[in-house]
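All remarks here apply to the structure that follows.
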2 protein chains.
Amino acid sequence: MSSGSWEEFFAVHLPPTDFEDNRSLLKEFCERHDKYGNRIALVTSGGTTVPLEHNTVRFVDNFSAGTRGSASAEYFLEHGYAVIFMHRQKSLEPYTRHFSGQKLLDMLELDERGPNTTITVKPDSVDVLAPVLARYKAAHSAGALLHVSFTTVSEYFWLLRAACECLARLGPRALLYLAAAVSDFYIPKDRVPTHKMQSASGAPIIQLHLVPKMLAPLVSLWVPNAYVVSFKLETDENLLIPKARAALDKYKHKMVVANLLQTRHHRVILVTPEASQEVLLTREEVHAGVDIEATIVGEIVRLHTEHLGGPSVR
Amino acid sequence: MSSGSWEEFFAVHLPPTDFEDNRSLLKEFCERHDKYGNRIALVTSGGTTVPLEHNTVRFVDNFSAGTRGSASAEYFLEHGYAVIFMHRQKSLEPYTRHFSGQKLLDMLELDERGPNTTITVKPDSVDVLAPVLARYKAAHSAGALLHVSFTTVSEYFWLLRAACECLARLGPRALLYLAAAVSDFYIPKDRVPTHKMQSASGAPIIQLHLVPKMLAPLVSLWVPNAYVVSFKLETDENLLIPKARAALDKYKHKMVVANLLQTRHHRVILVTPEASQEVLLTREEVHAGVDIEATIVGEIVRLHTEHLGGPSVR
């Protein structure tokens with residue numbers, strides 16, 4: 001079954017209910033940073049869902065905790081970029097990704113002895129928490145980080161196009177880092193049943209349809225001057241580089257970050273039209289908790305700066 | 001397509017890799033609380049996944065944030081029960097459910113002026129955080145709360161059976177509160193492809209199979225003396241009570257908590273073989289942040305106590 005066009009997709013699927021609010025936020029953010037001549041990185045993160053029912057009980061999901069995107073957003077901020085963090089609801093977010101809820105509560109000490117109850121972070125946890133908290137507060141007080149979120153693949157596409165429309169004004173200073181795990185498949189709106197599928201009617205068959213490739217209009221029409229980086233996640237090593245090269249040939253963007261599901265936290269290959277470069281963490285670095293995203297983002301910022309023909313921002 | 005038997009399911013699907021660790025934890029927990037004559041509530045929470053590939057990139061998921069289960073676990077603890085909280089990885093958990101990572105970081109104040117960096121909770125956040133933190137610490141220091149987690153439907157069933165085997169020794173003092181959103185469908189192990197499905201091969205068709213109804217062996221064989229509460233979530237009001245009654249007739253357990261997806265946070269119906277009782281929050285209660293689980297759990301504890309023929313535990 002062939003995929004419909006991207007125009008058709010937007011014609012058939014209505015915008016999400018909070019779409020206008022998010023569009024205003026995106027517009028204000030891009031205008032403000034454009035005025036100051038800043039660079040903006042749009043970082044997409046987490047997986048999209050494909051609902052199997054209108055009153056959604058069941059859906060097809062793409063695996064992604066949001067590790068790559070949330071870590072990368074922090075490094076773009078460190079390099080002086082303003083960041084639009086466009087993420088799957090409840091996936092990992094910059095700064096908070098370092099601590100689960102339980103880990104944070106375990107760091108806290110409750111003192112009810114005095115006239116006023118106080119809660120403090122235990123001294124041995126301060127070393128871990130303080131640097132992250134300082135960077136979190138700096139990013140927020142500078143207004144350098146905007147969060148917008150999606151759940152379904154249709155919400156993702158609506159947000160992505162809206163962000164591009166706002167980013168277009170920045171020209172080459174806009175960088176798109178499309179790390180979200182977007183479904184290749186979906187179920188067209190008119191094929192989705194209204195109510196929960198009943199097990200009494202037997203086991204269902206789900207016919208999926210191909211999602212149109214949004215990278216095509218994105219690169220050629222929406223943000224023709226931006227620095228666009230896409231991602232390729234595979235489980236079969238043999239397909240990895242050929243598929244990355246094929247994507248660059250087809251969409252004419254700047255880079256594909258290619259990675260395997262099994263090794264993605266310590267190995268990626270940065271594939272550009274000119275070259276391919278392996279980024280690898282040693283076993284020691286992995287154990288020390290080094291983020292491979294520090295290197296990935298550092299290298300992309302270097303290439304983006306070169307592309308801009310100007311000095312590094314920081 | 002008809003479902004296989006539950007024996008067949010366990011024969012075909014291997015136990016999860018961390019299964020023996022979890023079984024030891026469950027065994028120790030149940031033996032300890034049995035010795036003291038405590039009651040134990042097994043609270044299951046969150047949705048299960050059905051992997052579409054062995055190297056899982058895509059899966060079918062059941063919608064559930066874990067709101068019902070995580071809130072209920074807190075109320076069982078308040079009523080003096082020991083609680084096994086068996087939840088979907090990354091779903092909401094008791095106590096931490098009140099605060100997202102960002103909300104917690106926003107409560108913290110960093111002070112780097114003195115010789116030692118300190119981090120304290122802002123005074124206006126202490127009122128909100130202190131009571132939750134106190135209950136969190138009390139539950140943990142009493143050893144009254146055990147967390148075990150699952151992701152796939154097969155992991156869920158392995159854990160559920162292991163928990164039942166440990167709970168059986170408590171007889172009627174064991175209460176099962178099966179709030180997890182468990183998939184009715186799955187893909188048998190031998191039908192799942194090894195590698196990521198390729199979009200170039202066209203849109204896939206997914207043939208799902210029915211999952212065996214584990215409530216049958218659970219009630220009749222695994223924990224024949226326990227107080228078992230199951231849940232029914234529908235989107236169609238007309239099916240709700242008939243399906244709850246049918247489940248009670250078929251499995252002979254104690255209660256079905258029936259709820260509609262659309263109204264589940266302020267309305268449920270507690271259906272027992274003898275009666276059905278609506279629990280409803282007013283609009284004011286919803287706005288004030290009252291948990292409907294406080295009433296649900298309170299009523300179940302009352303019925304469980306009656307069933308035990310003894311006085312309330314607290």
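The values are calculated or read from the model by the stated rules, or taken from the named source; none is laboratory data. Since we're looking at a predicted model, the values are computed, not measured. Cβ sites come from the backbone with ideal geometry, for glycine too, and all protein chains shown count toward neighbours.
What to note about this one:
- Pairing residues of the range B:80-92 that are farther than 19 Å from A:K103 by Cα with residues that are part of a loop (DSSP other than H, G, I, E, B) and of a type in the set (D, E, K, R), at Cβ distances under 8 Å and at least 6 apart in sequence or on separate chains, gives B:G80/B:R39; B:G80/B:R314; B:Y81/B:R39; B:A82/B:R39.
- Residue ranges of strands (runs of 3 or more DSSP E) in the range A:1-90 with at least 2 members more than 10 Å from every other protein chain (Cβ to nearest Cβ), at pLDDT 90 or above and touching a His at 6+ places or on another chain (Cβ under 8 Å): A:40-45, A:82-88
- Inspection of the range B:246-255 finds a residue satisfying the criterion of being surrounded by 18 or more Cβ atoms within 10 Å (Cβ to Cβ), of a type outside the set (K, R), within 14 Å of another protein chain (Cβ to nearest Cβ) and assigned to a helix (DSSP H, G or I).
- Among residues that are surrounded by fewer than 18 Cβ atoms within 10 Å (Cβ to Cβ) and within 13 Å of another protein chain (Cβ to nearest Cβ), B:D184 is not included.
- Conditions (1) more than 30 Å from B:W6 (Cβ to Cβ); (2) within 23 Å of the chain's Cα centre (by Cα); (3) more than 9 Å from chain A (Cβ to nearest Cβ): number failed by B:F157: (1)
- Being touching a Gly at 6+ places or on another chain (Cβ under 6 Å) and either more than 16 Å from A:G289 (Cβ to Cβ) or of a type in the set (D, E) (or both) holds for only one residue in A:D61, A:D111, and it is A:D61.
- The condition of being at positive phi and facing chain B (nearest Cβ under 10 Å) holds for only one of A:G143, A:G202, A:G171, that being A:G202.
- Within the range A:280-297, residues that are small (G, A, S) have Cβ atoms under 6 Å from residues that are not in a loop (DSSP other than H, G, I, E, B) in these pairs: A:A294/A:Y75, counting only partners at least 6 apart in sequence or on another chain.
- Each residue in the range A:225-243 was checked for being buried (at least 16 other Cβ atoms within 10 Å of the Cβ), within 14 Å of another protein chain (Cβ to nearest Cβ) and assigned to a helix (DSSP H, G or I), and 3 pass.
- Flag if A:E293 is surrounded by 15 or more Cβ atoms within 10 Å (Cβ to Cβ), within 14 Å of another protein chain (Cβ to nearest Cβ) and not small (G, A, S): no
- Subset of the range B:219-239 [among the aliphatic types (A, V, I, L, M), within 13 Å of B:L261 (Cα to Cα) and modelled with pLDDT of 95 or more]: none
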